[in-house]
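The values are calculated or read from the model by the stated rules, or taken from the named source; none is laboratory data. These figures come from a predicted structure and were not determined experimentally. Backbone-built Cβ (ideal geometry, glycine too); neighbour counts: all protein chains shown.
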Amino acid sequence: MKKFKGLLAAAVTSLAFAGATARADTLWEFSYSGSGVSASGSFETIGNGSTPTAVTSMTGIYSDGTSSGAISLVANPTPGAVATSADGLYFYDNMFGGTPSLDIDGLLFDAGTQEINLYIDPGLGLTSLTDRNGGYVYSQVSSFSVTAVPEPGSMALLLAGLGALGIASRRRAR
């Protein structure tokens with residue numbers, strides 16, 4: 001029995017280290033809609049979202065009723081600092097996390113031929129802003145959902161633990 005417990009402990013420890021990464025990146029799934037706009041997809045952050053952290057990539061689909069397109073994050077040349085878009089129309093920091101999860105600078109992404117800035121407006125709340133034909137279009141977001149996607153290493157560790165519990169309970173039953 002001691003040999004079995006030792007092997008089990010070694011297996012769980014090796015799975016824990018195999019699932020660990022040098023950075024604690026988190027993959028998030030998101031969707032939002034309101035005032036004629038909708039978007040869904042995923043993005044990745046360097047941290048776990050408990051405090052504001054840089055968004056490193058973003059993919060998905062965006063639609064505003066007149067156009068739609070694939071989402072791609074506009075990179076922030078100085079992560080964590082406020083940047084200005086190449087056309088000078090938007091301020092953004094591409095940070096996510098904490099309370100609230102977005103700030104007044106928000107996320108900037110391309111979708112088709114448009115740039116979209118998703119941010120918290122002090123007067124409107126969560127807002128999606130686009131530049132269409134030289135004029136800004138503000139769309140108040142009424143529904144916003146973000147969930148973390150479990151890492152494969154975490155799932156492997158969970159399954160190993162459940163397997164160990166099953167084996168232990170089966171041995172006790174004998």
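Of the residues making up the stretch 117-127, those that are part of a strand (DSSP E or B) and either over 17 Å from the mean Cα position of the chain (by Cα) or of a type in the set (Phe, Trp, Tyr) (or both) are 119, 121, 125, 127. Just one of (1) within 19 Å of the chain's Cα centre (by Cα); (2) surrounded by 12 or more Cβ atoms within 10 Å (Cβ to Cβ); (3) of a type outside the set (Val, Ile, Thr) fails for residue 145. It is (2). The residue list 110, 121, 105 contains one member that is closer than 27 Å to residue 78 by Cα and touching a Phe, Trp or Tyr at 6+ places or on another chain (Cβ under 6 Å), which is 105. Residue-level check: of (1) over 19 Å from residue 143 (Cβ atoms); (2) touching an Asp or Glu at 6+ places or on another chain (Cβ under 7 Å); (3) in a strand (DSSP E or B), residue 105 misses just (3). When we screen 51, 59 for residues that are part of a strand (DSSP E or B), among the hydroxyl-bearing types (Ser, Thr, Tyr) and surrounded by fewer than 21 Cβ atoms within 10 Å (Cβ to Cβ), the only hit is 59. Restricting 112, 106 to those that are among the small types (Gly, Ala, Ser), more than 16 Å from residue 36 (Cα to Cα) and in contact with a Leu (Cβ under 9 Å, 6 or more places away or on another chain) reduces the list to 106. Going through the stretch 84-102 one residue at a time, which ones are in a strand (DSSP E or B) and of a type in the set (Val, Ile, Thr)? Scanning the stretch 84-102 gives a single hit, 84. From the list 156, 81, the one residue that fits, being aliphatic (A, V, I, L, M) and either in a helix (DSSP H, G or I) or modelled with pLDDT under 90 (or both), is 156. The C-beta contact set for the stretch 28-53 (first residue modelled with pLDDT of 95 or more, second residue assigned to a strand (DSSP E or B) and charged (D, E, K, R), distance under 7 angstrom, 6+ apart or interchain) comprises 42/29. Does residue 118 count as buried (at least 20 other Cβ atoms within 10 Å of the Cβ), under 16 Å from residue 38 (Cβ atoms) and touching a Ser or Thr at 6+ places or on another chain (Cβ under 7 Å)? When the stated conditions are applied, residue 118 passes them.
Taking first residues from the stretch 160-174 that are touching a residue at least 24 places away in the same chain (Cβ under 8 Å) and partners that are in a helix (DSSP H, G or I) and β-branched (Val, Ile, Thr), the Cβ contacts under 6 Å between residues at least 6 apart in sequence or on separate chains come to 160/12.
With respect to the conditions (1) buried (at least 16 other Cβ atoms within 10 Å of the Cβ); (2) modelled with pLDDT under 95; (3) of a type outside the set (S, T, N, Q); (4) over 19 Å from the mean Cα position of the chain (by Cα), residue 88 falls short on a single one, namely (1).
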